[in-house]
1. For the range 352-396 and the range 258-307, what is the separation of their Cα centres, given in Å?
2. Carbon and sulfur together cover what percent of the accessible area of the range 169-214 at a 1.4 Å probe radius?
3. Apply the Karplus parameterisation 6.51 cos²θ - 1.76 cosθ + 1.60, with θ equal to phi minus 60°, to every residue of the range 133-139 and state each ³J(HN,Hα) to the nearest whole Hz, in sequence, with x for glycine and proline.
4. Once amide H atoms are built 1.01 Å from N in the peptide plane, which residues 5 or more positions from Ser350, or in another chain, come under 5 Å H to H?
5. I want to check the label-to-label distance for Glu79 and Val237. Put each point 7 Å from Cα in the C-beta direction and report it in nm to one decimal.
6. Starting from 0.36 nm per residue, how many nanometres of slack lie between Thr31 and Leu517 once their C-alpha separation is accounted for?
7. Within the range 67-90, list the residues whose amide N lies under 19 Å from a label point set 7 Å along Cα→Cβ of Arg106.
8. So for the chain, averaging the separation of alpha carbon pairs under 8 Å that are six or more residues apart and normalising by length, what relative contact order in percent results?
Amino acid sequence: MLLAACTAILLGAMELVCPPGLDFILRHSPTSQKYIVETMTGGVALLDYDADGRLDIFLVNGGKLDDPVKPPVRLARHEPAYWNRLYRQQADGSFADVTVKAGLARAGESNYGMGAAVGDYDNDGYPDLYITNFGQNQLYRNNGDGTFTDVTAEAGVAAGGWSVSAGFLDYDRDGWLDLFVSRYLDWDFTRNLHCGTPFWAYCRPDRYEGVPNLLYRNLGNGRFEDVSEKAGIAKPVGKAMGVAFLDYDRDGFPDIFVSNDGMEQFLYRNLGNGRFKESAFEAGVALSDDGRTYAGMAVATGDYDNDGWPDVLVTNLALEHWALYRNEGGGVFRYATQESRLAAASASSSGWGAGLYDFDNDGWKDLFVARSHVLDNVERIHSGLRYKEPAALLWNRNGRFELAKLEGAPAVAGRGAAFGDLNNDGAIDVVVAVLGERPQVFLNRRGGNHWLTLRLVGTRSNRDGLGAKVRVGDQWAEAWRAGSYLSSSDARVHFGLGARMRVDVEIEWPSGRRQHLAGVRADQILEVREP
């Protein structure tokens, strides 16, 4: 396959660029059989794997599907075209493919790639990498010398079946990052149904049973324990896609939000004793405002209205509206899609990877969404819908969202999206995985507003500081990598400051320790160590 042409395009607030060396093509192998995995892949991770201060890019590949696939399943993952890829960012902003050198070329012959999660699970200061697959998942320990070692077997986190998104969190606050894995359907290539008339389309999830999600507790010795059953995660059984973490009730323990496809959403409330209670209905986040289920895909969390409480956004298919749940405090949310003006913006759009970040540094978290329908032949089914769509940026104007003009943005089949400051200029950038094409890299053209980025280093808490709550002025944020769809973002915590030149910073670490920094200068990336 020849590389698709790539031309830099100025899109107003964003510039769609083609970084030299980033030559990845996401090969999802569409077939006439309409295997569901074909339309679901596309994970992205942003991580500084070599600790040189620059974000690198990891991209998950699909696999080679025969038409039809016959057992035994072999997906040609040994062929370079179907490898996952790690690209090291160079000092000049170009990228070098270091996949082979880093030891990440072996993806597993029977694994169809899905997503990626990043976290320093052994607290050695170097981010480790977990890859989800249809098949067996893989955990790669970062050796700190530019290479990774596959430690899946000894760590006990291979899972199995169809894993989708994943994320690291310290749910029991013991200082070690645990691992949550969302899983989708009880499906395989031999049981693929033919759906749709007069022509085939990807089947709806209601044609298959769901499977339990997984929670692995980090034992601190390089091994994990599957605590899904005893922690209350395995039931109820869902059809999970996205996952994000937040302490929605502010009790100090991180909770877990999971988006489900075609059924109610899950909110696992952390009881603080090693167990969770699924509480989506009582919290008001299980369904839409009219009591309907929807095709939940990505999950984004953040305090979009600056009231001090983390809110939740779930993307879904066209004609369903993206669901925005405003945290009212007291453990309950209110459906806010209409009042935030997201209903009109999302009425005919399908959303995948998404993030709530302050792209213009004005002090309000905006929304970026990678878009595309799930059906590659949707135009033949509904003339008013489109399979490929351009990405969307929505400005947050005091809690109301309005579409930014990204004129000239190409329509693509966007999937995973990861967020971070690629060039360390104080503006949040985006990398989007695209089915059958190169990834899209959106560089944020920073305006005149000020900013502050914090790199947290835990000592008693987990080394990444994941789960820390940070307040800057009237803004709150929690430090996480997980969220979006299939993807892992920059762990650094970013704040737009508007016109402010100095701010006070308060940090509540996962250990419970509190830290206050007075008069912090704006426009810098500041490393903060837990006292």
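The values are calculated or read from the model by the stated rules, or taken from the named source; none is laboratory data. Quantities reported herein were computed from a predicted structural model and do not represent experimental measurements. All Cβ positions, glycine included, derive from the backbone under ideal geometry; neighbour counts span all protein chains shown. These area figures cover heavy atoms from the full protein model, side chains too; ligands, DNA and RNA do not enter into them. Shrake-Rupley method; radii C 1.70, N 1.55, O 1.52, S 1.80 Å.
1. The range 352-396 and the range 258-307 have Cα centres separated by 20 Å.
2. 47 percent
3. After applying 6.51 cos²θ - 1.76 cosθ + 1.60, I find 9, 7, x, 9, 7, 9, 10 Hz.
4. For Ser350, whose amide H was placed from the backbone, the distant partners under 5 Å are Ala318, Ser372.
5. Modelled inter-label distance: 3.5 nm.
6. 169.3 nm
7. 74-86
8. About 14 percent, as a whole number.
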